[in-house]
Amino acid sequence: MSKPQPIAAANWKCNGTQESLTQLVEVFNGHKIDHDVQCVVAPTFVHIPLVQAKLRNPKFVVSAENAIAKSGAFTGEVSMPILKDLKINWVILGHSERRTYYGETNEIVAQKTLDAYKQGFYVIACIGETLQQREAGQTAKVVLTQTQAILKLLPKEAWSKIVLAYEPVWAIGTGKVATPEQAQEVHAILRKYLKEKLGDEIASKLRILYGGSVTGQNAATLYKKPDINGFLVGGASLKPEFLQIIDATK
């Protein structure tokens, strides 16, 4: 069976200046992408209008890095209605940094995923284990528990707008990368579990991305694995190198 449409997503985290991002977006604009791939760019909240104004390559959409469900007295947050008003239709939820630094539990991530779906967003929902959990042989248990929390809340029809991103925490920003075999093993476990819960049709179409020190050099080898459907990229997405990663999804 052929793979679903790949996704190459750039998670810029808390990085960038108006000058550096303008220059990078111009590089993206000048790159011809001739295969069926969805390119997603997630700037900081304050840079969203800049990127929307400058990004002209039709292969790209702009995403938020996080969101809460509703507007109101939530100082320092950005809500889904505010993002919709800015014509943003994608959001990244549950990144390990949100879980680690800001206390987002599996249940919080699942609820936010449901809220985002109800408000018309495409969601990149992040899951992944720490080094301690991997060394303890708990990888499958951790990622399936994180996924199960989302499964409990979402109706089956929601999964057409959900993308899973497997990001082993020990590989994010460390220069360490899961081997293609390690990444494929987890992706296969996830897809098998989702087939059991959602059926073959939904599970086979679901995009499962890999994230964690993805580079222009290792992306093609990773993408060759049958259950890897693209990438959620941190550091390398702030460089023209991101275009190599996009091209690796052919």
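Quick notes on this one:
- Taking each of Lys54/Lys225; Lys70/Lys195; Lys3/Lys59 in turn, the alpha-carbon distance tops 26 angstrom for Lys54/Lys225; Lys70/Lys195.
- On a per residue basis, the convex hull of the C-alpha atoms belonging to region 83-126 measures out at 64 Å³.
- Taken about its Cα centre, region 7-248 carries a charge dipole of about 360 debye when Lys and Arg each add +1 at the Cβ and Asp and Glu each add -1 at the Cβ.
- The label point for Ile82 and the one for Glu196, both projected 7 Å from the Cα toward the Cβ, are 4.1 nm apart.
- Rounded accessible area of Ser96 (nearest 10 Å², 1.4 Å probe): 20
- Each label was represented as a point 7 Å from its Cα along the Cα-to-Cβ direction; for Lys3 and Ser71 these points are 4.0 nm apart.
- In the chain, Cα pairs under 8 Å separated by at least six residues give a relative contact order of 22 percent.
- Within the same chain, aspartates and glutamates fewer than 8 places from Lys32 are excluded, and of the rest, those with a Cα less than 19 Å from its Cα are Glu241, Asp247.
- Accessible area per residue in Å² at 1.4 Å probe, computed on region 7-248: 44
- Extending 7 Å from the Cα toward the beta-carbon at both Leu153 and Tyr102 defines two label points whose distance is 1.4 nm.
- For the chain, with all protein chains in place and a probe radius of 1.4 Å, 53% of the accessible heavy-atom surface sits on carbon or sulfur.
- Kirkwood Rh, Cα atoms: Rg over Rh of the chain: 0.93
- Restriction of the trypsin sites (Lys or Arg not before Pro) in region 40-109 to DSSP coil positions whose beta-carbon has at most 11 other beta-carbons within 10 angstrom yields Arg56, Lys87.
- Accessible-area value, Ser237, 1.4 Å probe, nucleic acids and ligands omitted, Å²: 0
- 19 Å Cα-Cα reach of Lys197 towards lysines, excluding residues that sit fewer than 8 places from it in its own chain: Lys141, Lys152, Lys156, Lys161, Lys205
The values are calculated or read from the model by the stated rules, or taken from the named source; none is laboratory data. Keep in mind the model is a prediction, meaning the values are calculated, not measured. We place every Cβ from the backbone using ideal geometry, glycine too, and count neighbours over all the protein chains shown. Quick note on the areas: whole protein, heavy atoms, side chains included, nothing else; ligands and nucleic acids left out. Shrake-Rupley method; radii C 1.70, N 1.55, O 1.52, S 1.80 Å.
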